[in-house]
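Asks: Take a look at the following structure, please.
Nothing in this text is a laboratory measurement; each read-out follows from the coordinates by a stated rule. Quick caveat: nothing in here was measured; it's all calculated off a predicted structure. Quick reminder, even Gly has a Cβ in these numbers, built from the backbone with ideal geometry, and neighbours come from all protein chains shown.
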Amino acid sequence: MVGQDWFVTNEGQCIEAEVFSQDEAFLRPYRLYRFLTDLEDILERVHDDSVRLTLICPLVRRLLNSSEWLHMNFLPPDPTTGWSVVMLYNEPDFSITIQNVVWSPGSVSPIHNHATWGVVALLSGQEKNSFWQRSPTPDHPDRLQPVGDCLLNPGDVLCLMPNTIHQVETIGDEPTISFNLYGETNFDQRFEFDLAQQTAQVF
C-alpha cells in the first residue's frame, strides 16, 4: 500500500507528512496481535496525541501492507444509511477501536469531531475530507468556519487530532473502503455540527 500520509491539527490544518520507507524490518509479516502490542506500548509511554500519531501512522501502513485480509474484510453499504461498519477489534479493557468502514457513492457525512485521536487509511475509492474550526460569537458559540480540504486516494493515511472537525464525502462512482483506528473517545466532547443553525450536539 503506497500513498501519502497526512496530519490534521485540532484547528483543521491538513499537513503533508513524511512517508517512511518499507525497509528490511518491514519484510517480516506484521500481524494484528503485534500491531496491538506495539500500539499499547506507544499509548503507555507517550501521552501527547500528536506524537502518538507520528508513531502510530507508520505502524498502520506496515500492518496494511502485511495483512491482505484486512483489505477484504468489509460489508456492502447499507442501502438505507449509505454506510457499513465491520468491527475488527473492540476490547472493553483496551480502549481502542479498529473497524473497516464503507460509504456508498455520493454519501456525505455530518460535520463532526471524534473527541479522540484517529487514523484513517483509505483502501479503495476516493474520499474528500473537508475541515472546519470553531469561530464562536457571543450569539453562536458553536459557529464554524471552513479551513480547507484534502482528497484521499487509495493508500493515503489521514491522522486526526481529537478536536479536528471534518466532513467526509465519497467522490466518484465507487464506494470508499477505509481502515479506521480510534483511541478512547471522550463522549462528552464528541459533537455533530449544524452549519445552518450554528449549533452542536453531542452524539
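Asks: Just checking, how many residues over the range 182-203 are assigned to a strand (DSSP E or B) and in contact with a Phe, Trp or Tyr (Cβ under 9 Å, 6 or more places away or on another chain)? Please lay out each step first, then the result.
Replies: Kept after step one, since they are assigned to a strand (DSSP E or B), are these residues of the range 182-203: 182, 191-194, 199-202.
From what's left, in contact with a Phe, Trp or Tyr (Cβ under 9 Å, 6 or more places away or on another chain): 182, 191-193, 199-202.
Number of matching residues: 8.
Asks: Considering only residues that are surrounded by fewer than 19 Cβ atoms within 10 Å (Cβ to Cβ) and aliphatic (A, V, I, L, M), look in the range 44-58 and name the one that is nearest to Thr176 (Cα to Cα).
Replies: Taking the candidates together, the pick is Leu55.
Asks: If you don't mind, another one. Scan the range 129-149 and report the pairs whose first residue is free of Cβ contacts under 8 Å to residues at least 12 places away in the same chain and whose second residue is in a strand (DSSP E or B), with Cβ atoms within less than 8 Å and a gap of 6+ or a chain change.
Replies: Ser135/Leu144; Ser135/Gln145
Asks: Another question about this same structure. Would you be able to say whether some residue in the range 168-175 is free of Cβ contacts under 8 Å to residues at least 60 places away in the same chain, surrounded by fewer than 22 Cβ atoms within 10 Å (Cβ to Cβ) and on the phi > 0 side of the Ramachandran plot? Walk me through it before giving the result.
Replies: Taking the range 168-175 and keeping what is free of Cβ contacts under 8 Å to residues at least 60 places away in the same chain, we get 171.
Next, from what is left, pick out any that are surrounded by fewer than 22 Cβ atoms within 10 Å (Cβ to Cβ): 171.
Of the ones still in play, those that are also on the phi > 0 side of the Ramachandran plot are none.
No; the residues of the range 168-175 include none that is free of Cβ contacts under 8 Å to residues at least 60 places away in the same chain, surrounded by fewer than 22 Cβ atoms within 10 Å (Cβ to Cβ) and on the phi > 0 side of the Ramachandran plot.
Asks: Report, ordered by the first and then the second residue, all pairs with beta carbons closer than 7 Å, sequence separation of six or more or different chains, a first member in the range 41-61 that is farther than 20 Å from Tyr30 by Cβ, and a second member that is assigned to a loop (DSSP other than H, G, I, E, B).
Replies: Here the result reads Asp49/Trp117; Asp49/Met161; Asp49/Pro162; Ser50/Met161, each pair linking the range 41-61 to a residue that is assigned to a loop (DSSP other than H, G, I, E, B).
Asks: Further, regarding this structure: Out of all the residues in the range 165-188, which are closer than 21 Å to Asp93 by Cα and out of contact with any Asp or Glu (no Cβ under 9 Å at 6 or more places or on another chain)? Explain how you work it out, then say what you get.
Replies: The first filter runs over the range 165-188 and keeps only residues closer than 21 Å to Asp93 by Cα, leaving 180-188.
Result: Asn180, Leu181, Tyr182, Glu184, Thr185, Asn186, Phe187, Asp188.
Asks: Sticking with this one: Name the residues in the range 31-72 that are within 16 Å of the chain's Cα centre (by Cα), within 17 Å of Tyr89 (Cα to Cα) and among the β-branched types (Val, Ile, Thr), would you?
Replies: Passing the criteria: Ile56, Val60.
Asks: Select from the range 62-80 the residues that are touching a residue at least 40 places away in the same chain (Cβ under 8 Å) and assigned to a loop (DSSP other than H, G, I, E, B) and write down the one among them that is nearest to Asp5 (Cα to Cα). Spell out how you get there, then give the answer.
Replies: Taking the range 62-80 and keeping what is touching a residue at least 40 places away in the same chain (Cβ under 8 Å), we get 62, 64-66, 70-71, 74, 76-77.
Okay, now just the ones that are also assigned to a loop (DSSP other than H, G, I, E, B), so 74, 76-77.
Working: Phe74: 23, Pro76: 26, Pro77: 26 Å.
The qualifying residue nearest to Asp5 (Cα to Cα) is Phe74.
Asks: Then there's this: Among the residues of the range 117-128 satisfying the criterion of being touching an Asp or Glu at 6+ places or on another chain (Cβ under 6 Å) and either of a type outside the set (Lys, Arg) or touching a residue at least 60 places away in the same chain (Cβ under 8 Å) (or both), which is farthest from Thr176 (Cα to Cα)? Give the derivation first.
Replies: Of the range 117-128, the ones touching an Asp or Glu at 6+ places or on another chain (Cβ under 6 Å) are 117, 122, 125, 128.
Pick out the ones that are also either of a type outside the set (Lys, Arg) or touching a residue at least 60 places away in the same chain (Cβ under 8 Å) (or both) and you get 117, 122, 125.
Working: Trp117: 21, Leu122: 7, Gly125: 4 Å.
Residue satisfying both the conditions and the ranking: Trp117.
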